[in-house]
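Participant: Structure provided below as C-alpha cells; questions to follow.
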Ligand SMILES: Nc1ncnc2c1ncn2[C@@H]1O[C@H](COP(=O)(O)OP(=O)(O)OP(=O)(O)O)[C@@H](O)[C@H]1O
Ligand SMILES: [Mg+2]
C-alpha cells in the first residue's frame, strides 16, 4: 500500500483531548454493528472535518484499524489543512473508474489510520456517492477495518451528506455552538430521520469554555462536547 505523511496534525490541548476520548468511548459503546460512521452537520464550518479526523485518529490510537474517507468531493480541506507530503489520488477518481481502489487508499504516519482523499471535484458528486461502487467499497472496507469514518459536506447545502449518511451505520451530528438555531438543528435531525439515517449522537462543537477573552484566544477557548445518547440530544432541542 502507498503511504503518505500527514505533517500538520494539531496537538490538541487536554480538555479537547478528553472530549475526543469521551466521543471515542461513546462511539465504541454504540455496538459492534456500528462500523461505518458519517459525520454530518447542517451548515458549513460547524466542525465536521475536524471532528471526523480527530475521531478517526483517536480510534486509531487505541489500536483500532480505521479508514478515514473524505466524501466532501466539492470542497475538501484535508490536503491543504494537514499538509500532505505529496500529490494524491482520491475518491472521485476511484468512483468514476479512473483509478483502482489500491491507488487511492493511503497508509499514514498515524499507525492504524488509512485515508482516502476526496480527489478532484467531479461534475456529479451526488451521483457517484449514490452509486453501487460506493456501496460496495464500504462493504469491502467493513471486512478490513474496525471503523470507517466518513467526512461529508453540510446537508443543508447539498444532498451528498444525506446520501453518505444513508450508506453509513449511523451519523454523528455536529452542531457548531451559536452557529445554528435550535429550530434549524431540529429540522436537520428530522431530515436525517426521514431518510432512515440513524443518529448516533450529537457533538456540540466550538463551545466557549467561559474564561475571559472569548475572542482573544480562539483555539484555546473552545472544545468539542459529545452528547452520547439520543436522549440528551432530545433535551437539547426542547427550547
Ligand atoms: N472545537 C473547535 N475549536 C476551535 N476551532 C474549531 C473547532 N472545530 C473546528 N474549528 C475550526 O473551524 C473551522 C471549520 O472547521 P471544519 O473545517 O472542521 O468544519 P466543517 O464543518 O468541516 O466545514 P465545511 O462544511 O466547510 O466542510 C476550521 O478553521 C477549524 O479549525
Ligand atoms: Mg468539512
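Read the figures in this text as sums done on the coordinates, not as results from a lab. This one's a predicted model, so the numbers in the text were calculated from it and none came from an experiment. Please note: Cβ atoms are built from the backbone with ideal geometry, for glycine as well, and neighbour counts cover all protein chains shown.
Participant: Hey, how many Å between the Cα centroid of segment 75-98 and the Cα centroid of segment 53-72?
Facilitator: Cα centroid to Cα centroid, the span is 16 Å.
Participant: Any idea what angle helix 132-144 forms with the longest principal axis of the chain, computed on alpha-carbon atoms, 0 to 90 degrees, nearest 10?
Facilitator: 80 degrees
Participant: Between the helical axis of 14-28 and the dominant principal axis of the chain, each derived from Cα atoms, what acute angle in degrees is found, rounded to the nearest 10?
Facilitator: Helix 14-28 and the main axis of the chain meet at about 60 degrees.
Participant: May I pose another question? With each pseudo-label sitting 7 Å past Cα toward Cβ, what's the residue 14-residue 81 distance in nm, one decimal?
Facilitator: In this crude label model, residue 14 to residue 81 measures out at 2.6 nm.
Participant: With n ≥ 4 as the cut-off for DSSP H runs, can you work out [θ] at 222 nm for the chain, using -39500 (n - 2.57) per run divided by the number of residues, rounded to the nearest 500? Write down the numbers at each step before the final one.
Facilitator: On the way: 10 runs with 88 residues, N = 239.
That calculation yields -10500 deg cm²/dmol at 222 nm.
Participant: Further question: Once both axes come from the Cα atoms, what is the angle between helix 48-61 and the longest principal axis of the chain, in degrees from 0 to 90, rounded to 10?
Facilitator: 70 degrees
Participant: Let me ask something else about it. Apply the a/c threshold of 1.5 to the C-alpha gyration tensor of segment 3-91 and tell me whether it is rounded, prolate or oblate.
Facilitator: rounded
Participant: Still on this structure, I have one more. Just report the Cα centroid separation between segment 124-144 and segment 101-120, whole Å.
Facilitator: Using only Cα atoms, the two centres lie 15 Å from each other.
Participant: Hey, another quick one. Taking the Cα-to-Cβ direction at residue 43 and at residue 143 and moving 7 Å from each Cα, how far apart do the two end points lie in nm?
Facilitator: With each label point 7 Å from Cα toward Cβ, the separation is 4.4 nm.
Participant: By the gyration tensor of its Cα atoms, with a ≥ b ≥ c the square roots of the eigenvalues, what is the shape of segment 67-113: rounded for a/c under 1.5, prolate for a/b over b/c, or oblate?
Facilitator: The shape class here is oblate.
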